[in-house]
């Protein structure tokens, strides 16, 4: 289906929206971005668009020769990873989950906690990377070893989920921690001083622009290494407590705050994604959600007008009847599929840019995309949370769900301390 064209100022590039509604404040940010001379083709607006600092979350745009550090935020490379286990999640008792929690608490710092002393050894290529300034190199040397393998706070979490087939999933949401913050803040200051436009852009043909591209890439590499180590430690805990190992073919890891050089419309462009996932046709990704709705592993359909992108989760203003909708793999959903997205294996499809596959990212259920979504993605399954380990969040007790109800919310709220948050599984 065709995306909806939003109103733009004279001389601006088009705004193509796959969101049923766009918050007024977010629309103003989108219109300002579409008016910048460095933006080419159009701006794609994902189903979960909402207001954020600088540029709205759910924004995808391209430039020919500019990088815009302020369009990506400071959690560079923030993303999600997931692993599936051929293990019946329903067999887990509260005692099992508490044993898992106890061991995770010993090996994975959360919230503001970091590793003490000199920290952990960095993986090859990240020990002393060629950052653009001595100040950034010192910040990396100080922060990277202590932040590697830490979860962070806010909406970052580690979670155990159960999919529609009953299998157990491990889901991790984290990013580049203090390393990405240092890199992002530095290059935003440089862009404001030497760049053009609002948000300020640096030409990639200049030394400052190339330094920005290189440093952003290093931050994204650190973010992935951080999720890899978090996964390795969590998988070791699950192996020790439950005696289970993940299906190696199930692993998925995606960024949703990054810039990449890609070919679109016959040209090599710098594609910026803030709160959006880039997926080539057939590539697997993850669409996160929040507030207790389901999670999805998705498969890209490479919608060209969305710059081969899909939503990264459920935005606060997204319509409850919108795109990626929770559903167990291989079973038909109880409601009709949204228009414009191809279902697979009898499951309800999602919007924005990918098709759903069996799997998790909590909270996307019913919130990730519009009825008039494009065909860039499809997802035939979901997983819902059993327990979540996060840096901040309110105390949530054991809860029940009525048939047809989404599980109560577990993410997206702030609270005083880390906790292991129990959650129900939706009644079939």
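The values are calculated or read from the model by the stated rules, or taken from the named source; none is laboratory data. Everything numeric here is computed off the predicted structure, so don't read it as measured data. Please note: Cβ atoms are built from the backbone with ideal geometry, for glycine as well, and neighbour counts cover all protein chains shown.
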Item to check | Flag if residue 153 is at pLDDT 95 or above, closer than 18 Å to residue 73 by Cα and either in a loop (DSSP other than H, G, I, E, B) or touching a helix residue (DSSP H, G or I) at 6+ places or on another chain (Cβ under 7 Å) (or both) | outcome: no
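Taking segment 195-220, which residues are over 26 Å from residue 145 (Cβ atoms) and either touching a strand residue (DSSP E or B) at 6+ places or on another chain (Cβ under 7 Å) or part of a strand (DSSP E or B) (or both)? Outline the logic, then answer.
Within segment 195-220, the first condition is being over 26 Å from residue 145 (Cβ atoms), and the residues that meet it are 195-210.
The answer is 195, 196, 201, 202, 203, 204, 208, 209.
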Checklist entry - Of (1) without any contact (Cβ under 8 Å) to a residue 12 or more places away in the chain; (2) part of a helix (DSSP H, G or I), residue 127 satisfies all except one. Which? => result (2)
Checklist outcome for this item: Exactly one of 116, 94, 37, 99 is at pLDDT 95 or above and farther than 21 Å from residue 183 by Cα, and that residue is 37
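Out of segment 64-93, which residues are in contact with a strand residue (DSSP E or B) (Cβ under 8 Å, 6 or more places away or on another chain), more than 30 Å from residue 42 (Cα to Cα) and not in a loop (DSSP other than H, G, I, E, B)?
Narrowing segment 64-93 to residues in contact with a strand residue (DSSP E or B) (Cβ under 8 Å, 6 or more places away or on another chain): 64-69, 71-73, 75-90, 92.
If we keep only those that are more than 30 Å from residue 42 (Cα to Cα) too, we end up with 82-90, 92.
82, 83, 84, 85, 86, 87, 88, 89, 90 - these are the residues of segment 64-93 that are in contact with a strand residue (DSSP E or B) (Cβ under 8 Å, 6 or more places away or on another chain), more than 30 Å from residue 42 (Cα to Cα) and not in a loop (DSSP other than H, G, I, E, B).
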Checklist entry - Can you name the number of the only condition in (1) buried (at least 23 other Cβ atoms within 10 Å of the Cβ); (2) farther than 26 Å from residue 268 by Cα; (3) out of contact with any helix residue (DSSP H, G or I) (no Cβ under 7 Å at 6 or more places or on another chain); (4) at pLDDT 95 or above that residue 220 fails? => result (2)
Item to check | segment 134-150, residues that are surrounded by 14 or more Cβ atoms within 10 Å (Cβ to Cβ) and either in a loop (DSSP other than H, G, I, E, B) or in contact (Cβ under 8 Å) with a residue 24 or more places away in the chain (or both) | outcome: 136, 139, 140, 143, 144, 145, 146, 147, 148, 149, 150
Item to check | The listed residue being surrounded by fewer than 22 Cβ atoms within 10 Å (Cβ to Cβ) and on the phi < 0 side of the Ramachandran plot, out of 33, 101, 72, 76 | outcome: 101
Checklist entry - Which of the following residues is out of contact with any helix residue (DSSP H, G or I) (no Cβ under 7 Å at 6 or more places or on another chain) and buried (at least 22 other Cβ atoms within 10 Å of the Cβ): 295, 250? => result 295
Next on the checklist: Testing residue 47 on (1) in contact (Cβ under 8 Å) with a residue 60 or more places away in the chain; (2) more than 15 Å from the chain's Cα centre (by Cα), one condition comes back false. Which one is that?
Outcome noted: (2)
Checklist entry - Which residue out of 289, 340 is assigned to a loop (DSSP other than H, G, I, E, B) and either modelled with pLDDT under 55 or surrounded by fewer than 24 Cβ atoms within 10 Å (Cβ to Cβ) (or both)? => result 340
Checklist entry - Restricting the search to segment 9-26, which residues are modelled with pLDDT of 95 or more, buried (at least 18 other Cβ atoms within 10 Å of the Cβ) and either farther than 11 Å from residue 50 by Cβ or in contact with a helix residue (DSSP H, G or I) (Cβ under 9 Å, 6 or more places away or on another chain) (or both)? => result 12, 13, 15, 16, 17, 22
Checklist outcome for this item: So, first residue on the phi > 0 side of the Ramachandran plot and surrounded by fewer than 19 Cβ atoms within 10 Å (Cβ to Cβ) in segment 178-206, second residue assigned to a helix (DSSP H, G or I) and modelled with pLDDT of 95 or more, Cβ within less than 6 Å, six or more apart or across chains; the pairs are none
